[in-house]
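Working notes, structure below.
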Amino acid sequence: MSFHLVLVELKKLAFQHPQSSNARANHINRLSQIKKAQPPAAESSLSQSNPQKSPVRHSHSRIKPLALPFPMKRSPYLITAALPLLFLGGCAPSADDLKLPPPPEATTQVDLTRFVGSEIGDTIGDRRPWVAHIRSVDLDQDGLLDAIACESKDSEVVWLRQLPSGGFKEIAIATQAQAPVHAEAYDFDGDGDLDVLLSCMNVVFPNNDKIGTLMVLENDGSQNFTKRILLENVDRVTDARAADLDKDGDLDLVVGQFGYDQGEVRWMRNLGNWKFESESVLQLSGTINVTIEDYNGDGWLDFAALVSQQWEEIHLFENDGNGGFKKSRAIWGSTNDDYAISGMCSADLNRDGKPDLVFTNGDGFGPNPVPGPRPWHGVQWLENKGSGFFKYHRIADLGGAYSPVAVDIDNDGDMDVLALSSFNDWANPKAESLMLYCNDGSMNFQSIVLAHDPIQLLCIDVGDFDGSGRQSIVSGGFHAYQPYERMSRFMIWQPQ
C-alpha cells in the first residue's frame, strides 16, 4: 500500500552516486554494536540456525556489480536492535524469544477462483500505467466504499468513485501533482469532509535534487479539491501519515523522505491554520513507509519507519510525552545491504492487543541489473513483545515481494496477510502475482496463489465494497519495465 519503491531498485541497477564509505562503515559498526550487545544465549541460538534457510545473507557492497552463476551465501544473522535497550529498563526477553524462528515450510496452494478480478475506472488502452499507491476510502461519505490512487507517470490523483450500480467512475481530483506516490484521507480542517494527504516525489527515477513535496488536497465538501502545500523543496517524499501526536486536538504529521543519497524522516507539529513546525528526527536515505501506533503501550502515539537503500532497517521513534520524540533506535536490521526492503504496514497480527509490524523485502534489482526475484525475498512480521522488544518471524518466501496488507480475509477471527510479487520470472506463466497467507489461528500461514496475472502489480488495499461483510481487494499496476504484457491499471478482486 505504501509506494513500495521501484527506486531503491534503480539505485542498485545503475550503481550511481554510491553512499560514502564512511556511511557504510557507520552502518556496519552500528549493526556490530547491536550484535555485541546481545547476550551469549542469543548469539548461540542465532548461530545454530540453518544458514541455508535464513532470509538474510552476508553484507555486500552495492557499488560493485556482481555476476555470479549461483546465489551468494546468506548469513544466519538477523539483527533485532531493541535487545540492548531491554537491559536498561524493561523486562528481559526469554530464551525462546531470542531464538531465530525456523523458516516456514515451502508448501503452496493455488486457488485462482477464490477472488475474481475485473478492471475498474477507465480502460487501460495502450497506456503503461504507473500506479504507485491505492487506498480504500469512502471519499464522499455516501456509504459506498471508493478508492483513491496515485498515477505517478501522469502526475494525477484519481478518485475511483463507486456508483450505486456497483461500477466505478474514474475522476481526476488533482493533476500536475508532482509524481504522487502515496495518498491518505483525513479530515485535516475539521469541517466534516475528507481531505487527501499527498506524498510527491516529483521525479520517480533516481534524483538527488530537493524536489519533494507534501501537500493536502482540501475538500470543499462537494469533492472539489484545492492544493495546499505543506512542505516543498525537500528530499523526495514517499509517505506521510497524520495523527494527534501531542494530544492537542489537531492532526500532526510523520513524513518519510526517500531522497536518494540523502533522505530523512521528520515529524510536523500542527500549529493551526495550515501552519506546521517541522523537526527532522532521522537523516538516512531510503525511507519507504512510516506507520503510527502506540508501540510501547504508554498511552502516547509513537511511529516507525522502514528504511531501505544500504541501511535495510526499521526504526522506532517513541513519544516522550512532552511534545517530542526520543532518539530513534533500530528495532530490526539486516546485515545484507541487498535485502531489498520494499513495504511495511502496522497491525495487531496475533491479536494480543499490541501493534506489530508486517513487512516485505522484494525489490527486484541488486548486483544483477536484471530485475527479478531473489532467494532471500519474502514476507515477515515483527511481533511486539512489549518493553521495546520485537521478535522476528518469517511468514513465507516470495520473490519480488511488495505491498503487505494484514486483514482477516476469511472472517475466521484471525489476521491473514496479502502481498504481491511485483518482480518475478514473468516468462513463466505460473509465476505468482497476488498471494494470500492464510492464518490457521496459531500464527502458521498457508501460502495460497490467488492470481498469476496481471503481472507487475505494485499496490493493493482491501475493503468491504459490496456491503456483504466480506473483504475485496483493489490493486494498481506499475509497468515501467518489460515485458509490457498482461498489464492492468486499476482492478477490484471480489470474493467468490
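A few remarks follow.
- Yes/no for A431 being touching a residue at least 60 places away in the same chain (Cβ under 8 Å), among the aliphatic types (A, V, I, L, M) and not in a strand (DSSP E or B): no
- In region 354-373, the qualifying residues are those that are open to solvent by 10 Å² or more (accessible area, probe 1.4 Å) and more than 16 Å from G343 (Cα to Cα), and the one that is modelled with the lowest pLDDT is P367.
- Any hit, region 394-416, residues being within 23 Å of Q456 (Cβ to Cβ), hydrophobic (A, V, I, L, M, F, W, C), assigned to a loop (DSSP other than H, G, I, E, B) and open to solvent by 10 Å² or more (accessible area, probe 1.4 Å): yes
- Listed by position, the strands (runs of 3 or more DSSP E) inside region 144-249 whose residues that are touching a residue at least 40 places away in the same chain (Cβ under 8 Å) and among the acidic types (D, E) number at least 1 are 168-174, 180-186, 237-243.
- Members of region 424-444 that are surrounded by fewer than 21 Cβ atoms within 10 Å (Cβ to Cβ) and not aliphatic (A, V, I, L, M): D425, N428, P429, K430, C438, D440, G441, S442, N444
- Among residues of region 150-173, those that are of a type outside the set (G, A, S) and open to solvent by less than 30 Å² (accessible area, probe 1.4 Å), counted: 8
- Residue in region 140-149 that is modelled with pLDDT under 95 and surrounded by fewer than 19 Cβ atoms within 10 Å (Cβ to Cβ) present: no
- Inter-residue pairs, beta-carbon under 7 Å, first free of Cβ contacts under 8 Å to residues at least 60 places away in the same chain and hydroxyl-bearing (S, T, Y) and in region 371-390, second part of a strand (DSSP E or B) and surrounded by fewer than 22 Cβ atoms within 10 Å (Cβ to Cβ), 6+ apart: none
- V449 vs. criteria outside any loop (DSSP other than H, G, I, E, B) and more than 17 Å from D408 (Cβ to Cβ): yes
- Selection of region 471-496 for residues being assigned to a loop (DSSP other than H, G, I, E, B) and within 18 Å of F168 (Cβ to Cβ) yields Q471, S488, R489.
- Residues within region 267-294 that are part of a strand (DSSP E or B) and touching a residue at least 24 places away in the same chain (Cβ under 8 Å), tallied: 15
- Condition met for Q494 (free of Cβ contacts under 8 Å to residues at least 12 places away in the same chain and open to solvent by 10 Å² or more (accessible area, probe 1.4 Å)): no
- Flag not set for V474, criterion: open to solvent by 10 Å² or more (accessible area, probe 1.4 Å) and under 17 Å from the mean Cα position of the chain (by Cα).
The values are calculated or read from the model by the stated rules, or taken from the named source; none is laboratory data. The shown structure was predicted, so the numbers you read here are calculated from the model rather than taken from an experiment. For neighbour counting, all protein chains shown are included, and Cβ atoms are generated from backbone atoms with ideal geometry for every residue, glycine included. Surface accessibility is based on the protein's heavy atoms, side chains included, excluding ligands, DNA and RNA. Shrake-Rupley method; radii C 1.70, N 1.55, O 1.52, S 1.80 Å.
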